[in-house]
1. Which residue pairs have Cβ atoms closer than 8 Å, lie 6 or more positions apart in sequence or on different chains, and pair a first residue in region 92-105 that is in contact (Cβ under 8 Å) with a residue 12 or more places away in the chain and assigned by TED's automatic domain parsing to the domain that holds I144 with a second residue that is assigned to a strand (DSSP E or B) and among the small types (G, A, S)?
2. With the structure loaded, tell me whether D123 is among the acidic types (D, E), modelled with pLDDT of 95 or more and in contact with a strand residue (DSSP E or B) (Cβ under 6 Å, 6 or more places away or on another chain) or whether it fails that test.
3. How many residues, within region 66-84, are surrounded by fewer than 16 Cβ atoms within 10 Å (Cβ to Cβ) and closer than 18 Å to P55 by Cβ?
4. Quick check, is D123 of a type in the set (D, E), in a strand (DSSP E or B) and surrounded by 14 or more Cβ atoms within 10 Å (Cβ to Cβ)?
5. What's the number of the only condition in (1) more than 22 Å from T159 (Cβ to Cβ); (2) at pLDDT below 80 that Q87 fails to meet?
6. Is one or more of the residues making up region 44-58 assigned to a loop (DSSP other than H, G, I, E, B), under 18 Å from W125 (Cα atoms) and at pLDDT 90 or above?
7. Looking only at region 135-175, how many residues end up being farther than 24 Å from K109 by Cβ and either free of Cβ contacts under 8 Å to residues at least 40 places away in the same chain or touching a Lys or Arg at 6+ places or on another chain (Cβ under 6 Å) (or both)?
8. Which condition does W108 not pass, out of (1) in contact (Cβ under 8 Å) with a residue 60 or more places away in the chain; (2) over 16 Å from the mean Cα position of the chain (by Cα), if it passes all the others?
Amino acid sequence: MPVAARARLVLAAATSVVLVATGCGSSGGGGGNGSSDAGKTFSYQSNEPQNPLQPANANEVGGGRIIQNLFKGLVDYDPSNAKIRMQVADKIDTSDSQTFTITLKDGWKFHDGTPVHAKNFVDAWNWGANPANAQINSSWFSDIEGYQDVHPATGKATTDKMSGLTVTDDLHFTVKLSHKVSYFEYKLGY
């Protein structure tokens, strides 16, 4: 490419960056008054979600990134080493990789101030597994005992609750899987 053509290309690119940057600024004209109530807004730049922002219905980057910023799960992963970090869960115990006892940290609250309890996870997982709710990620729950009764391959569901989920008290619930899954704790980060 000739030098003159490269110079025009660089100048055009630089001009575009300057125009975009000034268009994003707030100088008081046309773009709003520049004030906001930070307690009532949430701003996140990413791509457009493909589905409503429901954890069991987001399996693409656009929705997944927003969901991860709106909600904390039981666990997540340390970006420096990919090891599990407890979030809402205080601990997850198993002796056989089939039955897991999950203890929640006390004090977690929903955005409206309502306390987070074990029942909330069990109810949400049962709802997400139910085919009547058409959640894309419903198969994520297929390892849990009783999933086939809630979400049968054919025919109608015989129940709306998976038998492998049991609430013990406000901060404890058990998950019994239909088979051993040694990496189940890692699945909880999804």
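1. Partner pairs satisfying both residue conditions: I102/A89; T103/A89; L104/A89; K105/A89.
2. On the way: among the acidic types (D, E): yes; modelled with pLDDT of 95 or more: yes; in contact with a strand residue (DSSP E or B) (Cβ under 6 Å, 6 or more places away or on another chain): no.
Spelling it out, it is not the case that D123 is among the acidic types (D, E), modelled with pLDDT of 95 or more and in contact with a strand residue (DSSP E or B) (Cβ under 6 Å, 6 or more places away or on another chain).
3. Looking only at region 66-84, we keep the residues that are surrounded by fewer than 16 Cβ atoms within 10 Å (Cβ to Cβ), and these are 68-73, 77-83.
Restricting the remaining residues to those that are closer than 18 Å to P55 by Cβ gives 68-73, 77.
Of the residues in that region, 7 qualify.
4. On the way: of a type in the set (D, E): yes; in a strand (DSSP E or B): no; surrounded by 14 or more Cβ atoms within 10 Å (Cβ to Cβ): yes.
No: the conditions fail for D123.
5. Q87 satisfies all of (1) more than 22 Å from T159 (Cβ to Cβ); (2) at pLDDT below 80 except (2).
6. No.
7. Of all residues in region 135-175, those farther than 24 Å from K109 by Cβ come to 135-164.
Next, only the ones that are either free of Cβ contacts under 8 Å to residues at least 40 places away in the same chain or touching a Lys or Arg at 6+ places or on another chain (Cβ under 6 Å) (or both) stay: 139, 141-142, 144-164.
Of the residues in region 135-175, 24 are farther than 24 Å from K109 by Cβ and either free of Cβ contacts under 8 Å to residues at least 40 places away in the same chain or touching a Lys or Arg at 6+ places or on another chain (Cβ under 6 Å) (or both).
8. For W108, the failing item is (1).
The values are calculated or read from the model by the stated rules, or taken from the named source; none is laboratory data. Everything numeric here is computed off the predicted structure, so don't read it as measured data. We place every Cβ from the backbone using ideal geometry, glycine too, and count neighbours over all the protein chains shown.
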